[in-house]
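Okay, structure first, notes after.
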Amino acid sequence: MSDLRELYQEVILDHNKNPRNFGKLENHSHHANGHNPLCGDKLELFIEVVDDVIKDIAFTGSGCAISTSSASIMTQFLKGKTLSDTRHFFNDFHDLVTGIPISEEQIDDMGKLAVFAGVQEFPARVKCASLSWHTLMNALDSEIETAQTED
Ligand code: ZN
């Protein structure tokens, strides 16, 4: 178990140091800002949805290692996923970080997202890990569906 924990820590540190999909998306259909005042994490999320599939997704912002790596791993994971899969993984991720038991099969399906299982032991960190996901849901639930093509 401690080996696994070390591996998880390495993945989180790697994504914090070199966040994937970091930047703005000029052509996005959905957009939202997220803020976790408890820790000071700030996040801006851009999503391009085409035919109910996340074609592209990117984020900017600044925050702690947990929030940055969570946004990085989430964006990497969700690219190419359908919106219904995305909502399904939001629920699984929420259960994972808040300590609600989920099946081994669900954890397998979550790939690298599973590295945040350890967060449930640190209640103050749960909001750091889930900030990107809540921001994602706000973006997808917002009414603005028109892609922005110019400033
Ligand atoms: Zn944080």
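What follows draws every value from the coordinates through simple rules; no lab data is involved. Values in this document were obtained by computation on a predicted structure and should not be read as measured data. Neighbour counts run over all protein chains shown; Cβ positions are idealised from the backbone, glycine included.
Structural remarks
- Region 46-73 - residue that is under 24 Å from P123 (Cβ atoms) and aliphatic (A, V, I, L, M) and, of those, surrounded by the most Cβ atoms within 10 Å (Cβ to Cβ): A71
- Pairs with Cβ under 6 Å, 6+ apart, first in region 29-53 and over 19 Å from A129 (Cβ atoms) and aromatic (F, W, Y), second part of a strand (DSSP E or B) and more than 15 Å from the ligand (Cβ to nearest atom): F46/H28; F46/H31; F46/A58
- Here T98 clears all of (1) buried (at least 19 other Cβ atoms within 10 Å of the Cβ); (2) more than 17 Å from A139 (Cα to Cα); (3) among the hydroxyl-bearing types (S, T, Y) except the condition numbered (1).
- Condition check for G34: more than 23 Å from P123 (Cα to Cα) and among the small types (G, A, S): no
- Selection count, region 21-68, where residues are among the basic types (K, R) and more than 20 Å from K112 (Cα to Cα): 2
- Residue match in region 23-34 (condition: out of contact with any strand residue (DSSP E or B) (no Cβ under 9 Å at 6 or more places or on another chain) and outside any helix (DSSP H, G or I)): no
- Of all residues in region 103-135 being away from the ligand (no atom under 16 Å from the Cβ) and closer than 18 Å to E10 by Cα, the one that is surrounded by the most Cβ atoms within 10 Å (Cβ to Cβ): L113
- Verdict on T75 being farther than 13 Å from F116 by Cβ and in a helix (DSSP H, G or I): yes
- Within region 38-64, the set of residues being near the ligand (Cβ under 10 Å from one of its atoms) and not in a strand (DSSP E or B) comprises L38, C39, G40, G63, C64.
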